[in-house]
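Engineer: Input: one structure, supplied below.
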């Protein structure tokens, strides 16, 4: 133990009769108020330099809750300038709450008096002593255990009542204004006591009791949903936060989410791989008995500082695995069915946004590209907010059969028409193994992610083409938020592209020119409400008709030019010319 250590010297200076015992300092507790001629309890300070709880003090008689040096200084009335690590200029966390005059404090004492030997014995089966139960001011109302939730003003306004035998049988009592998740932190006052120290967060009041029995400072939430509104500013002056939740996937996700928000000060305690699902501290305490303390200490010691980043070793392995998967594959992305377009773009890769004026044939162009990709065995999800699945299938059947919609509806087709129809039907049936149309108007990025996972699983292929028709009709919270909503969707597409390795084809609208027309040389400024399109698109493409859309019959051959106006990897310029293959709802590349 370092004799010049300021924390050690602080406690030795302010604890009369203090003595060093191993890696602790022990002294008669200055906070105990024993009866006449009785001996005060022993106050123990942890001074293990390798411990997260270095400087934590506690009275073995539990006369007052323990804490770290700053809390000790407050209890003893020591000038903060003389407390190691204390900052007199720190602003305490304050919530904008008007506390009512009526409290549950007297009720808490009444319920504490209602604790029977039977209730204390039930806690004892988990190694939890009467002292730990009383320290947390737990009571019994004759049927339910009463866990009081004291707030920062030192008063209790609400309590959670839990059946001793059935954890799911519970309810709240007291002032209903304090039932909300933002007030659901059990042993809340502990946070201030852990200034410049360490604190454990767990789920469930009884799990907390197992840690309090061992002398660890901790708080608990009754459910994982309470974590979502936990005010992170409270932990600004806590140096280390350790998290130990039940062994469930949901709890681990919640722990990682909380750790990401709190930052590098967090460590997540991991359960051994051999423990079963739903295992928690209460079960571990009962299973380990007197070895429980050593088991928890081992979990703390083996915990690693949380990082939201993949370890360098794992990142390297992931890269090598992806490289191995790509061996022997063509560098070309998803084929479009158009030779010139494939050469210009090297296939469909990344996020490809195509703009065009209304009725220019954007949807038909994308239907053709996406269905051709599906015919080549590429999984495709077509998010359609324009045409409907029946029209998509009908136009695809027209293109495959080289029959018009009128011919397909002919009640008594001739032999040639019937043969072409049957061949196209068979091709469509095969294509649908890889082609999914989604028209859900409540689509969200998370739903899109899961649907991509589903089609990859169903087709046993680790690739996917996602088509969105169109960007401006994706679901937004409100029409007034369309611009910000488009940008938000583009951010999610970037994330999905990178994490799930998919390619996007996205239809976009164009803005009208100065005179209300769409004519002029296409560029990035042509996109309507372009926002982040120029930053998100790997390829920005514009389909520009060279014929009069208002008088299509005046032009026998309806040609359109396809322009690449911006690209991360390819040279911008004219991709090629395409003629509308009417009435078969397709395009031919010239």
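Since every read-out is calculated from the coordinates, none of them should be taken as a lab result. Keep in mind it's a predicted model, so treat the numbers as computed, not measured. With ideal geometry, Cβ positions are generated from the backbone for all residues, glycine too; neighbour counts draw on all protein chains shown.
Engineer: Can you report the principal axis dimensions of the range 1-135 using only the alpha carbons, biggest first, rounded to whole angstrom?
Structural biologist: For the range 1-135, the Cα extents along the three principal axes come out at 49, 40, 35 Å.
Engineer: Angle check, please: helix 362-375 long axis (alpha carbons) against the longest principal axis of the chain (alpha carbons), in degrees 0 to 90, nearest 10.
Structural biologist: Taking the Cα atoms of the chain, the angle to 362-375 is about 80 degrees.
Engineer: What's the Cα-based Rg to Rh of the chain, Rh via Kirkwood?
Structural biologist: For the chain, the value is 1.15.
Engineer: Something else now. Given points 7 Å out from each Cα along the Cα-Cβ axis, report the residue 304 to residue 170 separation in nanometres with one decimal.
Structural biologist: Each label point is offset 7 Å from its Cα along the Cβ direction, giving 3.2 nm.
Engineer: Just the Kirkwood number for the range 339-589, please: inverse of mean 1/r across all distinct Cα pairs, in Å, one decimal.
Structural biologist: That comes to 18.9 Å for the range 339-589.
Engineer: So if each residue of separation counts as 0.36 nm, and I subtract the Cα-Cα distance between residue 472 and residue 118, what length gain in nm does that give?
Structural biologist: Extra length available between residue 472 and residue 118 comes to 120.9 nm.
Engineer: Can you tell me how much longer the chain between residue 426 and residue 376 gets when fully stretched, taken as 0.36 nm per residue apart minus their C-alpha distance, in nm with one decimal?
Structural biologist: 16.5 nm
Engineer: Out of every Cα-Cα pair in the range 225-299, what percent are more than 15 Å apart?
Structural biologist: The share of Cα pairs beyond 15 Å in the range 225-299 comes to 60 percent.
Engineer: Nearest-5 percent of antiparallel DSSP beta bridges in the range 105-305?
Structural biologist: Bridges in the range 105-305 that DSSP calls antiparallel: roughly 55 percent.
Engineer: Quick one: work out the % antiparallel among DSSP beta bridges in the chain, nearest 5.
Structural biologist: Counting DSSP beta bridges with both partners in the chain, the antiparallel share is about 55 percent.
Engineer: Any idea what angle helix 389-401 forms with the longest principal axis of the chain, computed on alpha-carbon atoms, 0 to 90 degrees, nearest 10?
Structural biologist: 40 degrees
Engineer: At 10 °C and a viscosity of 1.306 mPa s, what translational diffusion coefficient does Stokes-Einstein give for the range 344-448, taking Rh as the Kirkwood radius over Cα pairs? Give it in µm²/s as a whole number.
Structural biologist: Roughly 104 µm²/s, to the nearest whole number.
Engineer: Same structure again: So if R0 is 51 Å, what FRET efficiency would residue 535 and residue 295 give, r being the distance between their Cβ atoms, rounded to the nearest 0.05?
Structural biologist: 0.50
Engineer: Output the Kirkwood hydrodynamic radius of the range 99-227, Cα pairs only, in Å rounded to one decimal.
Structural biologist: Across the range 99-227, the inverse of the average 1/r is 14.9 Å.
Engineer: With a 10 Å radius around each residue's Cβ, average the other Cβ atoms per peptide and rank 166-175, 149-158, 316-325, 360-369, highest first.
Structural biologist: Most protected by this proxy first, the peptides run 360-369, 149-158, 166-175, 316-325.
Engineer: Please work out the FRET efficiency for the pair residue 511 and residue 286, using the Cβ-Cβ distance as r and a Förster radius of 51 Å; give the result to the nearest 0.05.
Structural biologist: After rounding to 0.05, the efficiency reads 0.15.
Engineer: If each of residue 33 and residue 447 carries a label point 7 Å out from its Cα toward its Cβ, how far apart are those two points in nm?
Structural biologist: 6.2 nm
Engineer: Now for a separate question. Return the Cα extents of the range 267-404 along principal axes one, two and three, sorted largest first, each rounded to a whole Å.
Structural biologist: Principal-axis extents of the Cα atoms in the range 267-404, largest first: 82, 34, 28 Å.
Engineer: Report, to the nearest 10°, how far helix 292-302 tilts away from the longest principal axis of the Cα atoms in the chain, using its own Cα long axis and a range of 0 to 90°.
Structural biologist: It is inclined by approximately 50 degrees.
Engineer: For Cα pairs less than 8 Å apart in space and 6+ apart in sequence, what is the mean separation divided by the residue count of the range 94-222, i.e. the relative contact order in percent?
Structural biologist: Over the range 94-222, the number comes to 20 percent.
Engineer: How much FRET efficiency would the formula 1/(1 + (r/R0)^6) give for residue 106 and residue 253, where r is the Cβ-Cβ distance and R0 is 56 Å, rounded to 0.05?
Structural biologist: 0.85
Engineer: With viscosity set to 1.306 mPa s at 10 °C, what whole-number translational diffusion coefficient in µm²/s follows for the range 420-479 from Stokes-Einstein and a Kirkwood radius over Cα pairs?
Structural biologist: Here the translational diffusion coefficient equals 116 µm²/s.
Engineer: Follow-up. Hey, what number do you get for the chain at 222 nm if only DSSP H runs of n ≥ 4 count, each worth -39500 (n - 2.57), divided across all residues, to the nearest 500?
Structural biologist: Value at 222 nm, helices only, nearest 500: -10000 deg cm²/dmol.
Engineer: How big is the Kirkwood radius of the range 6-82, worked out from every pair of different alpha carbons and given in Å to one decimal?
Structural biologist: Roughly 12.7 Å, rounded to one decimal.
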